[in-house]
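Data block below; observations after.
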Amino acid sequence: MRVLRADTVVTVDEDDRVWSPGAVAIDGDTLVAVGPPDAMPDGAVLDLGRSALLPGLVNTHTHSPMWLFRGLTEDVPRGEWLDRRLRPIERRVSVDELVAGARVGCLEMLLNGTTTIADRYAAMDRVAAAVEASGVRAIVAHSLYDADAERGLRTTELLLDRFGTYPDRSRVTAGIGPHATDTCGEDVLRRVRALAERRGARVFIHLAQSEAEVATVRARVGLGCAAALDRVGLLAPDVVVAHGTYLSQDEAALVGRRGTGVAHCPSSNAKLEARVAPVPRLLASGAVVGLGTDAAACNNGMDLFEEMKIAGLVHKLATGDPSALPAARLVRMATLDGARALGLAHLVGSLEVGKRADLTAVRLDTPATTPCHDVFAQLVYATRGRDVQAVWVDGEQLVRDGRPTRLDQEAIMEAALAAARRARG
Ligand SMILES: [Zn+2]
């Protein structure tokens with residue numbers, strides 16, 4: 001039995017309880033007590049001092065290998081980013097180089113306090129091993145396209161065989177990753193729906209992420225992107241749509257009515273599209289909205305503390321209402337609601353007895369993070385990933401004093417930086 005004590009414990013439970021001071025007790029991989037320090041069972045005590053202990057953050061949309069491309073696609077006019085700027089760079093790198101990028105991408109996320117990721121990219125059959133080796137909790141999906149559907153579906157089946165779809169049994173599980181509604185037509189999407197039923201897998205897809213996607217789908221089937229997905233049964237609680245940047249208010253309401261999971265990536269949307277996704281409408285209609293960083297090439301980091309702040313700011317601007325999306329709600333989006341979108345809320349996302357010990361501790365003793373009069377505001381608007389001091393997944397400490405315990409940071413960075421130089425060309 002181990003007991004972690006901290007000045008503040010943010011539970012994100014049903015009542016948003018905060019314990020000051022607080023503690024949690026961990027037996028193996030499971031939380032067995034959460035509350036004031038004097039209510040803890042006997043055990044080895046680690047006192048985290050002037051810090052906040054919170055549920056590990058949940059990144060509902062990322063592409064870990066794209067760590068390699070940070071800074072290579074800057075300030076691009078709308079409509080040019082993916083095909084004209086990113087794709088030529090991607091063609092320059094090998095699968096081994098993508099694996100090297102994924103290693104340090106996962107490390108970046110862990111060091112920033114993220115304990116769960118939904119990761120999707122090409123070559124996921126190889127990349128997934130790097131994700132798994134990092135220790136982060138993950139759902140991995142191989143990107144499927146019409147242009148290479150048979151091979152993509154075979155790779156997806158291999159991933160499903162290797163990692164399964166039972167998060168209670170495996171820290172890494174597999175999902176199905178059709179790329180988007182323009183690059184995957186109805187035939188592939190119907191096969192995805194059937195495969196998801198057969199294997200009990202979640203589906204991850206980009207939705208209405210660009211004007212070109214909206215125009216292509218409209219020309220092909222005469223529908224908006226959301227209606228096109230709905231027609232093949234892929235607006236549903238076991239589907240996570242990323243972005244939704246170009247959804248109309250009516251489409252957002254449809255996504256919400258189906259109880260769809262949404263990966264909201266506000267900094268990526270702002271930087272690549274200069275747009276704000278209709279999150280208030282999605283939330284009001286019943287969507288389960290988590291936060292995602294998207295790739296390091298998009299925004300240019302994988303820091304969910306920063307993402308919470310940007311989400312708060314852009315929706316205050318977009319609604320003209322400074323009281324929109326309060327800080328506690330943003331913390332919930334980055335933890336429990338993200339876990340709900342990924343189908344993991346029975347395991348992680350809040351600090352409650354019986355859940356897995358996925359925790360992040362952030363320092364609240366620096367000039368930038370004191371005084372702490374309001375811990376939720378502090379976490380959203382004052383704290384950054386670089387303030388993370390410790391991280392646990394399944395009770396295993398993966399970050400101690402801001403350094404990884406499992407990974408050799410210097411070695412994996414050297415390999416990844418060499419790969420990044422080749423990506424630059
Ligand atoms: Zn994406």
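Brief remarks on what is shown
- Counting the residues of the range 178-213 that are assigned to a loop (DSSP other than H, G, I, E, B) and open to solvent by 30 Å² or more (accessible area, probe 1.4 Å) gives 5.
- Residues located in the range 296-306, provided they are within 13 Å of the ligand (Cβ to nearest atom) and open to solvent by less than 10 Å² (accessible area, probe 1.4 Å): ALA296, ALA297, CYS298, MET302
- Residue match in the range 215-225 (condition: open to solvent by 50 Å² or more (accessible area, probe 1.4 Å), over 23 Å from GLU150 (Cα atoms) and within 16 Å of the ligand (Cβ to nearest atom)): no
- The set of residues from the range 214-247 being touching a helix residue (DSSP H, G or I) at 6+ places or on another chain (Cβ under 7 Å), assigned to a loop (DSSP other than H, G, I, E, B) and more than 22 Å from ALA201 (Cα to Cα) comprises LEU223, GLY224, THR245, TYR246, LEU247.
- Single residue of the range 237-247 satisfying the filter (open to solvent by 10 Å² or more (accessible area, probe 1.4 Å) and farther than 24 Å from ASP83 by Cβ) that is nearest to the ligand (Cβ to nearest atom): ASP238
- Residue identified as over 24 Å from ASP16 (Cα atoms) and charged (D, E, K, R) among ASP303, ASP294: ASP294
- Flag if PRO167 is open to solvent by less than 40 Å² (accessible area, probe 1.4 Å), closer than 21 Å to THR62 by Cα, within 15 Å of the ligand (Cβ to nearest atom) and not aromatic (Phe, Trp, Tyr): no
- Test: residue in the range 54-77 that is within 29 Å of GLY395 (Cα to Cα), of a type in the set (Ser, Thr, Tyr) and in contact with an Asp or Glu (Cβ under 7 Å, 6 or more places away or on another chain): yes
- For VAL388: the one exception among (1) surrounded by fewer than 23 Cβ atoms within 10 Å (Cβ to Cβ); (2) touching a residue at least 40 places away in the same chain (Cβ under 8 Å); (3) closer than 23 Å to GLY105 by Cα: (1)
- Count of residues meeting criterion [over 23 Å from LEU86 (Cα atoms) and within 16 Å of the ligand (Cβ to nearest atom)] in the range 119-163: 2
- Among the residues of the range 384-425, those that are assigned to a loop (DSSP other than H, G, I, E, B) and either touching a strand residue (DSSP E or B) at 6+ places or on another chain (Cβ under 7 Å) or not charged (D, E, K, R) (or both) comprise ASP394, GLY395, ASP401, GLY402, THR405, ARG406, LEU407, GLY425.
- Of all residues in the range 280-295 being more than 16 Å from the ligand (Cβ to nearest atom) and in a loop (DSSP other than H, G, I, E, B), the one that is most open to solvent (accessible area, probe 1.4 Å): GLY286
Yes/no per residue for (1) part of a helix (DSSP H, G or I); (2) within 26 Å of LEU291 (Cβ to Cβ):
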{"site": "ASP16", "(1), (2)": "no, yes"}
{"site": "ASP38", "(1), (2)": "yes, no"}
{"site": "LEU54", "(1), (2)": "no, yes"}
{"site": "GLY71", "(1), (2)": "no, yes"}
{"site": "ARG84", "(1), (2)": "yes, no"}
{"site": "VAL93", "(1), (2)": "no, no"}
{"site": "ALA100", "(1), (2)": "yes, no"}
{"site": "ARG103", "(1), (2)": "yes, yes"}
{"site": "THR116", "(1), (2)": "no, yes"}
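This table checks each residue for (1) more than 16 Å from the ligand (Cβ to nearest atom); (2) open to solvent by 10 Å² or more (accessible area, probe 1.4 Å); (3) basic (Lys, Arg).
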residue	(1), (2), (3)
PRO37	yes, yes, no
MET40	yes, yes, no
GLY49	yes, yes, no
LEU53	yes, no, no
PRO65	no, no, no
PHE69	no, no, no
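- Cβ-Cβ under 7 Å pairs, at least 6 apart or on other chains, the range 261-279 side away from the ligand (no atom under 13 Å from the Cβ), far side modelled with pLDDT under 95 and basic (Lys, Arg): ALA274/ARG78
- When residues of the range 83-115 are limited to those that are among the β-branched types (Val, Ile, Thr) and within 18 Å of SER143 (Cβ to Cβ), the one nearest to the chain's Cα centre (by Cα): VAL99
- Counted residues, the range 374-383 - those being open to solvent by 30 Å² or more (accessible area, probe 1.4 Å) and part of a loop (DSSP other than H, G, I, E, B): 1
- Selected residue (criterion: nearest to LEU247 (Cα to Cα)) from residues of the range 269-279 that are open to solvent by 10 Å² or more (accessible area, probe 1.4 Å) and assigned to a helix (DSSP H, G or I): GLU273
- Test for SER143: is it in a loop (DSSP other than H, G, I, E, B) and either surrounded by 21 or more Cβ atoms within 10 Å (Cβ to Cβ) or out of contact with any strand residue (DSSP E or B) (no Cβ under 9 Å at 6 or more places or on another chain) (or both): no
The values are calculated or read from the model by the stated rules, or taken from the named source; none is laboratory data. Given the structure is predicted, the values throughout are model-derived calculations rather than measurements. When we count neighbours, we look across all protein chains shown, and the Cβ atoms used for this are built from the backbone with ideal geometry, even at glycine. Ligands, DNA and RNA are excluded from the accessible area calculation, which covers all protein heavy atoms including side chains. Shrake-Rupley method; radii C 1.70, N 1.55, O 1.52, S 1.80 Å.
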